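Quick notes on the structure that follows.
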Amino acid sequence: MKEIRWHGRGGQGAKTVSQILAQINLREGKHVQAFPEYGPERSGAPVRAYNRISDAEIRVHSGVYEPDIVVVIDETLLDSENPTEGLKPNGVLLVNSACSPEEIRARTGFSGRIITVDGDRIAKETGTGFANVPMLGAVVAVLGTDYAVAEAELREALGGRLGAEVLNKNLQAFRAGYEAAKGVTVG
């Protein structure tokens, strides 16, 4: 079983992408869970969302305390929270940042694998405005999920809510995040 913890701020879409990730893996025939944890329910407040993904039935119904992957959508949370808390030593810290993994290591002290993806830059270049979708692409790459399955689910999840132009921008952002993290998998 893989456990994932997302760190973001209200309005950045951590809950949304955790739910889409669950649907992607469900489409692959996996057992999944996706659930959020809110503090003060307001825009900009720290938010956590969680995923569990397994080939077998998931019988755990508690928080995720020792994740395999931690995704930080808002880099400022590295300074105000402790996103690496409980992260397995052989896990992956995936951060939306223009900084190098070495710079993030110096800030967090995490000795495991660190991947930085400049999701903000990707969002700006593709015109989506939000780093959550590029970070979802990066998680899909790290998990080794079938890209075609993931893209099809993203298309279905967002297609009904967005026009064709905005959907295509999100698909570009997803692909860019995926490409930025491709080749690093959680063993």
Scan the stretch 137-187 for residues that are farther than 28 Å from D55 by Cβ and among the aliphatic types (A, V, I, L, M) and report the count.
6
Give V47, V17, V72 a once-over and let me know the one that is at pLDDT below 95, of a type in the set (V, I, T) and within 25 Å of D120 (Cα to Cα).
V47
Within 30 Å of A148 (Cβ to Cβ), aliphatic (A, V, I, L, M), touching a residue at least 12 places away in the same chain (Cβ under 8 Å) and part of a loop (DSSP other than H, G, I, E, B): does that describe A98?
yes
Report yes if some residue within the stretch 142-149 is in contact with a helix residue (DSSP H, G or I) (Cβ under 6 Å, 6 or more places away or on another chain) and among the small types (G, A, S); otherwise report no.
no
Among A131, A123, which is the only one that is at pLDDT 95 or above and in contact with a strand residue (DSSP E or B) (Cβ under 8 Å, 6 or more places away or on another chain)?
A131
Quick check on A141: is it among the small types (G, A, S), at pLDDT 95 or above and surrounded by fewer than 20 Cβ atoms within 10 Å (Cβ to Cβ)?
no
For residues that are exposed (fewer than 14 other Cβ atoms within 10 Å of the Cβ) and under 18 Å from the mean Cα position of the chain (by Cα), tally how many sit in the stretch 157-172.
0
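The values are calculated or read from the model by the stated rules, or taken from the named source; none is laboratory data. The structure displayed is predicted, hence computed values, not measured ones. Cβ: placed from backbone, ideal geometry, glycine included. Neighbour counts: every protein chain shown.
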